[in-house]
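Working notes, beginning with the structure itself.
The values are calculated or read from the model by the stated rules, or taken from the named source; none is laboratory data. Since the model is a prediction, treat every value here as computed from it, not as a measurement. Cβ placement follows ideal geometry from the backbone for every residue including glycine, while neighbour counts extend to all protein chains displayed. We work out accessible area using only protein heavy atoms, side chains counted, and drop any ligands, DNA or RNA first. Shrake-Rupley method; radii C 1.70, N 1.55, O 1.52, S 1.80 Å.
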Amino acid sequence: MRLLIVEDEPDIAFGLETALKREGYLVDVALDGLAGEDLAIERAYGVILLDLMLPKKSGREVCRTLRRAGITTPILMLTARDQVDDRVEGLDAGADDYLVKPFAIKELLARIRALGRRESDRRESVLSVGGLTIDTLAHQVQLDGEEVRLTKREFQLLEALARNRGRVLSREVILQRVWNTDDALPNTVSFHMKSLRRKVDPTGVLIHTVHGLGYSLRSPG
């Protein structure tokens with residue numbers, strides 16, 4: 001799972017990055033609110049660790065912006081302020097949980113795991129778009145009632161598109177969702193998209209290319 005840390009104290013930010021990477025997480029770091037907001041919109045994360053007091057844009061404002069943009073990624077608000085009103089304001093802005101500094105890494109890891117499980121539980125297991133049916137638990141795809149065999153990467157790509165139906169996913173976001181890597185060749189997404197289209201959208205009515213932006217899965221009409 002990829003995590004985003006938005007924290008303006010470099011020692012804290014990079015200390016958390018080191019600890020979380022040691023636990024096997026992929027981690028991005030932003031040192032101000034605007035940079036964190038841009039990353040959260042551009043890339044797919046399992047959980048966002050968001051400091052409340054940030055330069056350029058506060059954590060509370062970033063949280064509100066992400067929720068208005070339809071981004072439902074779990075947000076764990078981090079703050080040195082432990083007043084009840086501060087916690088309530090953060091939760092009302094759209095945060096899913098709150099952790100007061102200083103905190104033990106063990107507790108942080110437990111809260112990340114809990115938020116990750118909560119997100120998994122609320123994800124749909126069967127997705128339908130047009131004549132496509134995608135069973136994310138059985139890893140099966142049907143087109144107009146007929147089974148379609150996909151590679152692992154094709155299935156992950158289709159699931160990412162289906163879970164964001166109607167939204168445009170950039171190549172960078174797709175790489176993050178499907179392969180969790182920044183190192184793929186520039187034409188990797190195009191190659192797998194072409195193969196996926198041939199299998200699940202032979203008539204070209206479901207998967208759309210938005211030139212200069214990315215791809216979108218939409219119901220016909």
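Observations on the structure shown:
- Spans of helices (runs of 4 or more DSSP H) in the stretch 136-208 with at least 3 residues closer than 28 Å to Leu39 by Cβ and at pLDDT 85 or above: 152-163, 188-200
- Test: residue in the stretch 93-106 that is part of a helix (DSSP H, G or I) and over 19 Å from Glu23 (Cβ atoms): no
- One residue stands out in the stretch 35-56 among those that are open to solvent by less than 40 Å² (accessible area, probe 1.4 Å) and over 15 Å from the mean Cα position of the chain (by Cα): the one that is nearest to Val178 (Cα to Cα), namely Ala35.
- Pairs, first farther than 14 Å from Ile207 by Cβ in the stretch 132-155, second open to solvent by 100 Å² or more (accessible area, probe 1.4 Å) and modelled with pLDDT of 90 or more, C-beta under 7 Å, six or more apart: Gln140/Glu147
- Asp32 surrounded by 16 or more Cβ atoms within 10 Å (Cβ to Cβ) and either modelled with pLDDT of 95 or more or among the aromatic types (Phe, Trp, Tyr) (or both): yes
- Condition met for Ala69 (touching a helix residue (DSSP H, G or I) at 6+ places or on another chain (Cβ under 9 Å), surrounded by fewer than 18 Cβ atoms within 10 Å (Cβ to Cβ) and small (Gly, Ala, Ser)): yes
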